[in-house]
1. Against the definition (in contact with an Asp or Glu (Cβ under 8 Å, 6 or more places away or on another chain) and surrounded by fewer than 16 Cβ atoms within 10 Å (Cβ to Cβ)), how does GLY33 come out, yes or no?
2. Looking at GLY107, GLY72, can you tell me which residue is at pLDDT 95 or above, surrounded by fewer than 14 Cβ atoms within 10 Å (Cβ to Cβ) and on the phi < 0 side of the Ramachandran plot?
3. Are any of the residues in region 10-27 in contact with a Cys (Cβ under 7 Å, 6 or more places away or on another chain), in a loop (DSSP other than H, G, I, E, B) and surrounded by 13 or more Cβ atoms within 10 Å (Cβ to Cβ)?
4. Scan region 95-113 and report the pairs whose first residue is more than 17 Å from TYR61 (Cβ to Cβ) and whose second residue is outside any helix (DSSP H, G or I) and among the basic types (Lys, Arg), with Cβ atoms within less than 8 Å and a gap of 6+ or a chain change.
5. Kindly provide the set of residues from region 85-108 that are out of contact with any helix residue (DSSP H, G or I) (no Cβ under 7 Å at 6 or more places or on another chain), in a helix (DSSP H, G or I) and either among the small types (Gly, Ala, Ser) or over 12 Å from TYR44 (Cα atoms) (or both), ordered by number.
Amino acid sequence: MNRRPIQRLADGSVLEFGPGKFDDWCVFLTRPGEPAYAPSDREYFADLRHLASRQGNHKVYDDFVQVFDRTGPDLNESVLAHITSLAAGYRRDAVVAERLLCILYAGMIAEENKANAKLGKRIKRLGVYQVLIEGVPPEVAAEFSKGRPWQELDAQCQRRGF
């Protein structure tokens with residue numbers, strides 16, 4: 001496997017980019033003693049909802065937006081450092097917050113590099129917004145964009161102000 005490192009997390013987990021079904025921008029998570037896997041939108045949206053139930057929906061969303069605003073097509077060490085700093089504010093949930101924000105950051109980089117993607121990282125923001133601000137169940141938000149034309153999704157993003 002030709003994987004490229006993204007970040008080693010505080011719990012010893014490792015995030016990497018590698019070949020997936022569609023391109024070389026699949027995000028892989030390897031937890032200590034476990035095989036690598038690609039976290040699904042459904043999984044990390046559910047984890048985000050749980051984190052927000054403990055820390056506050058707007059806090060988690062606002063921190064995500066800070067990462068979103070700093071995300072471009074290239075991995076940036078200063079953004080990873082910012083995520084670590086943000087995560088520290090979650091105290092007992094710092095490890096979970098760091099993992100989720102790093103997964104989302106890597107996923108947004110992947111979206112920015114996806115061939116012919118019209119929405120780029122905004123597609124992740126739409127899902128996060130639906131889960132944290134609108135209360136859409138994670139499994140619904142994870143499937144929302146599938147099969148919809150990009151123009152419709154663009155209008156959905158614009159309606160929400162991004």
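The values are calculated or read from the model by the stated rules, or taken from the named source; none is laboratory data. This is a predicted model, so every value here is computed, not measured. Note: ideal-geometry Cβ built from the backbone for every residue, glycine included; neighbour counts use all protein chains shown.
1. On the way: in contact with an Asp or Glu (Cβ under 8 Å, 6 or more places away or on another chain): no; surrounded by fewer than 16 Cβ atoms within 10 Å (Cβ to Cβ): yes.
In short, no.
2. Working: GLY107 fails: surrounded by fewer than 14 Cβ atoms within 10 Å (Cβ to Cβ).
Result of the check over GLY107, GLY72: GLY72.
3. Scanning region 10-27 turns up at least one residue that is in contact with a Cys (Cβ under 7 Å, 6 or more places away or on another chain), in a loop (DSSP other than H, G, I, E, B) and surrounded by 13 or more Cβ atoms within 10 Å (Cβ to Cβ).
4. ILE109/LYS121; GLU111/LYS121; GLU112/LYS121
5. The initial filter retains those residues of region 85-108 that are out of contact with any helix residue (DSSP H, G or I) (no Cβ under 7 Å at 6 or more places or on another chain), namely 85, 89, 91-92, 95, 99, 106.
Those left that are additionally in a helix (DSSP H, G or I): 85, 91-92, 95, 99, 106.
Listed by number, the residues that qualify are SER85, ARG91, ARG92, VAL95, ALA106.
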